[in-house]
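Notes follow once the structure below has been shown.
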Amino acid sequence: MYKSNKNNLNQLICRFIAATFLLFAVMTTVRAQDEKTTASLGTPDEVVLQWNRVLTDTVRIPGVHPPTIIVTRSYAMMHLAMFDAVNSIEGGFTPYLTDVPGSRHASSEAAAAQAAHDVLAALYPSQLAVFDTELAASLDGIRGNRLRQGIRVGAVCAERIVANRANDGWNAPLPPYNLPTTPGNWQPTLPGFLPAAFTHFGNVTPFATTGSAQFRPNPPPALTSAEYTADFNEAKELGAATSATRTADQTLVARLWANVGTPTNSTVVWNNVARRIAGERGNSTVENARLFALLYMTHHDALQTSFTSKYFYGLWRPVTAIRRADEDGNPNTAPDAAWTPLLVTPPYPTYAGNAATQGTSEATILALFFGRDDLPFETTWEGTPAVTRSYAGFAALANEQARSRIYGGIHYQFDSSAGQSIGRNVANYVFLNYLKPRGCVFQ
């Protein structure tokens with residue numbers, strides 16, 4: 001009985017430490033002289049960051065990535081394969097899918113590079129020549145058994161993640177989604193009145209959560225409630241294309257986060273932030289492998305939760321609500337049949353907000369991983385001219401991303417609040433349950 005109680009206490013202590021941001025302190029150390037002497041840890045030459053760059057460059061090539069699959073799936077698959085490959089050799093953490101019996105003399109860098117190469121070759125075969133060139137650069141200078149054993153470990157991890165995700169639901173047909181024109185129900189929006197997108201996301205296999213409904217938010221406020229009234233009127237005033245209330249900076253924020261005038265999308269923004277902080281903090285290969293695997297598992301599953309909550313609740317977008325406010329039964333919401341948002345409304349219901357979900361999920365993982373949220377940084381949106389903005393920490397960037405949708409007139413504040421709740425919940429769940437340090441036992 002004493003031993004059982006002691007074990008239970010140890011487990012509770014471990015989980016408490018994780019929840020209070022101290023897991024980063026028990027990470028394994030980097031083995032000296034294990035990799036190429038020319039590789040500087042935490043720089044763009046570090047192997048995890050190298051292949052992260054390769055994938056980012058790949059998906060930005062027009063027509064390479066399938067339009068009905070979110071790009072986060074590719075990032076999660078590649079980084080999870082890299083993590084399992086490095087962890088099979090370095091040890092220290094629970095594996096995601098594969099723990100290959102390796103050798104302490106195998107090259108972690110070779111294993112990570114081979115895993116990344118093979119996953120990307122399976123996902124984007126048209127770019128094989130590019131991947132082969134990058135692989136040769138990764139393996140240059142590694143010799144003998146260290147090279148051969150590392151390649152073997154990486155190949156096994158890649159093969160298993162590709163097989164694991166082969167029938168994950170992303171290639172399924174998109175189910176139709178149509179609602180009656182009852183007040184409050186989502187309808188296709190101007191200018192294109194496009195049908196609902198990503199309706200198959202709810203049936204996709206998650207990377208970590210138990211399902212798309214595990215962290216579903218509570219229902220949105222009733223159309224006659226004070227919360228709906230306040231957020232309706234804010235979106236109407238602040239998000240109008242011709243708003244006299246929205247500031248120039250708020251307009252810029254809305255446009256940047258919606259990729260208006262810049263090719264830098266929100267996934268690239270957060271990826272660049274993670275790369276920048278990882279480099280500045282001098283992350284080792286195993287640390288980077290774990291960081292990016294956690295980041296993209298969380299991103300994928302948090303977005304799945306917000307997307308499927310949209311189709312579960314089916315709430316109308318501001319442009320529909322404002323033009324039809326005389327039908328909502330709320331005397332404090334006035335209709336405007338000519339109202340147009342600053343941004344083009346995406347083709348799916350409003351609640352919960354995807355942008356808020358993404359930003360908060362990534363900010364939470366980064367804060368958990370680094371043990372703090374007061375690391376200042378800058379991030380740049382490409383364009384002519386380029387725009388560089390400064391932030392006091394991860395939450396500051398996430399909050400700006402969430403508010404950008406209200407400035408753009410395509411969301412209500414309650415959408416963003418629900419999305420942020422999803423992001424926090426999924427991130428904490430992933431961090432506490434996956435890729436955990438081994439042997440967290442206190443004597």
Exercise. For F83, F431, what's the fewest-to-most ordering of other Cβ within 10 Å of each Cβ?
Worked result: F431, F83
For this session: Please give the residues of segment 360-375, grouped as numeric ranges, whose backbone N is less than 13 Å from a label point set 7 Å along the Cα-to-Cβ vector of A392.
Result: 373-375
Problem set entry | Note, ³J(HN,Hα) from phi for segment 127-140, Karplus 6.51, -1.76, 1.60, rounded to Hz, x at Gly and Pro | 9, 4, 4, 5, 5, 5, 5, 5, 5, 4, 5, 5, 8, 4
For this session: Quote to one decimal, in nm, the extra length available between R438 and L194 on full extension: 0.36 nm per residue of separation minus the C-alpha distance between them.
Result: 83.0 nm
Exercise. Cα-Cα pairs above 17 Å in segment 320-398: how many percent?
Worked result: 67 percent
Exercise. What percent does the relative contact order of the chain come to when contacts are Cα pairs within less than 8 Å and at least six residues apart?
Worked result: 22 percent
Exercise. Which one of Q413, W257, M297 is farthest out on the positive end of the charge dipole of segment 201-433, using unit charges on Cβ (Lys, Arg +1; Asp, Glu -1) and the Cα centre as origin?
Worked result: M297
For this session: Any chance you could give the angle, 0 to 90 degrees and rounded to 10, that helix 413-433 forms with the longest Cα principal axis of the chain?
Result: 20 degrees
Problem set entry | Ascending count of other beta-carbon atoms within 10 Å, so fewest first, for R104, R275 | R104, R275
Exercise. If you rank K236, K436 by fewest surrounding Cβ atoms within 10 Å, what's the result?
Worked result: K436, K236
Exercise. If you line up the long axis of helix 144-164 against the longest principal axis of the chain, both from Cα atoms, how many degrees apart are they, to the nearest 10?
Worked result: 30 degrees
For this session: Using a cut-off of 13 Å between beta-carbons, work out the net charge of the residues near Y124 (Lys and Arg +1, Asp and Glu -1, Y124 not included).
Result: -2
Exercise. Relative to the first principal axis of the alpha-carbon coordinates of the chain, what is the inclination of helix 108-123, with its axis defined by its Cα atoms, in degrees from 0 to 90 and to the nearest 10?
Worked result: 40 degrees
Exercise. Can you list the GluC sites (Glu not before Pro) in segment 311-389 that are in a DSSP coil and have 12 or fewer other beta carbons within 10 angstrom?
Worked result: E382
Seminar exercise, completed: With R₀ set to 45 angstrom, the calculated FRET efficiency between the beta-carbons of T133 and N259, to the nearest 0.05, is 0.95
Problem set entry | Backbone N under 18 Å from the T182 label point (7 Å along Cα→Cβ), restricted to segment 197-228 | 219-225
Exercise. Roughly how many nanometres apart are two label points built 7 Å out from the Cα toward the Cβ at L174 and L97?
Worked result: 2.6 nm
Exercise. Taking segment 31-164, how much of its Cα-Cα pair set, in percent, is spaced more than 21 angstrom apart?
Worked result: 35 percent
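A short reminder: the numbers here are calculations on the coordinates, not readings from a lab. Here the structure is a predicted model, which is why all the values come from computation and not from measurement. A quick note on method: Cβ atoms are made from the backbone with ideal geometry, for glycine too, and the neighbour counts reach across all protein chains shown.
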